[in-house]
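> Input: one structure, supplied below.
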Amino acid sequence: MLLTTLEFTLLNPEIAQVTLNRPAQHNAYNAAMVAELAQVVDHCEQQPALRVVILTGKGEKSFCAGADLNEALVNGGDTLRNRHGGFSPLQYLARRKIWIAALNGTAAGGGLELALQCEMIVAAEDCQLMLPEVRHNLLPAGGGIERLMTRLPPAVAREMLLTGLPISATRALALGLINRVVSAENVAWEALALAQQVAANAPLAVQACNALANIVLDGDRSSLQQQQEQALAQLAQSEDAQESQQAWQQRRKPQWRGR
């Protein structure tokens, strides 16, 4: 892949790292980065062995400052929408792989929305999380409103949305918005450790479980039981189901194939 705003690193066959690489702009995303993230998602989805992607930012101060205002304030920011019309780079993109946001610094506006599109979040203890769109006569239309209102106590979510003020990573952890908080120098290692824990599990089961969790988060539980039964049937017919049984009988670790 030819990338100018991102760095893609395969840490091992099962885990990749994507780094937002516009440090001079606090890793704010422009149209080029939006397009390249979609390209990276497609690439990752096509790698059978790949199970987890870690998303982080270049530098020490910012994970992502959100949309580049030089483009966001022109024509309603239409150039920053992804190919499915999402205002956040990952919004509406079909993904089966698990993404973990590793917040090396502040996640502001669309940067926080980008992190919230990931399945899990690890943050540096000194980073801040905020949605300051109302300060610029904008809206957090990249999923920020619904994700805060479903993941946080409504009073806290409204305060963040209506004041644009930040909360600390420590408070975000206490409220259940993020998964882990560590020192800045340990963010990458903690994200990798979490990725390894996920990657060690049966990939088809992980992906199915994540898809079912998304159904619950989206508020459409009418099809949950049917989808769950279909997923169980597919897992039972997979090669990994046989491998799981053989590994248990032979008292060894299973060698998952993802099929």
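The values are calculated or read from the model by the stated rules, or taken from the named source; none is laboratory data. Predicted model only: the values in this text are computed from it and were never measured. Neighbour counts are summed over all protein chains in view; Cβ atoms, including those assigned to glycine, are modelled from backbone coordinates with ideal geometry. Surface areas here come from the heavy atoms of the whole protein model, side chains and all, with no ligands, DNA or RNA. Shrake-Rupley method; radii C 1.70, N 1.55, O 1.52, S 1.80 Å.
> So, in segment 91-108, of the ones that are under 15 Å from VAL52 (Cβ atoms) and in a loop (DSSP other than H, G, I, E, B), which residue ends up least open to solvent (accessible area, probe 1.4 Å)?
So the residue we want is LYS97.
> May I ask you to verify whether GLY111 is outside any strand (DSSP E or B), surrounded by 24 or more Cβ atoms within 10 Å (Cβ to Cβ) and of a type outside the set (A, V, I, L, M)?
In short, yes.
> How about segment 1-32: which of its residues are among the small types (Gly, Ala, Ser) and farther than 17 Å from GLY59 by Cβ?
Of everything in segment 1-32, those that are among the small types (Gly, Ala, Ser) and farther than 17 Å from GLY59 by Cβ turn out to be ALA16, ALA31, ALA32.
> From the list ALA124, ALA141, ALA157, which residue is under 28 Å from ALA213 (Cα atoms), at pLDDT 95 or above and within 19 Å of the chain's Cα centre (by Cα)?
After applying the criteria, what remains is ALA124.
> Separate question: Tell me, please, whether a residue that is in a helix (DSSP H, G or I), open to solvent by less than 10 Å² (accessible area, probe 1.4 Å) and more than 18 Å from LEU11 (Cβ to Cβ) can be found in segment 68-77.
Within segment 68-77, one or more residues are in a helix (DSSP H, G or I), open to solvent by less than 10 Å² (accessible area, probe 1.4 Å) and more than 18 Å from LEU11 (Cβ to Cβ).
> For ARG51, are the conditions met, namely being under 13 Å from THR5 (Cβ atoms), open to solvent by less than 50 Å² (accessible area, probe 1.4 Å) and among the basic types (Lys, Arg)?
no
> In addition: Can LEU3 be described as outside any strand (DSSP E or B), open to solvent by 10 Å² or more (accessible area, probe 1.4 Å), of a type in the set (A, V, I, L, M) and on the phi < 0 side of the Ramachandran plot?
The answer is yes for LEU3.
> Quick test of your reading of the structure: GLU239 fulfils all but one of (1) open to solvent by 80 Å² or more (accessible area, probe 1.4 Å); (2) touching a helix residue (DSSP H, G or I) at 6+ places or on another chain (Cβ under 7 Å); (3) within 19 Å of ALA199 (Cβ to Cβ). Name the failing condition by number.
That leaves (2) as the condition not met.
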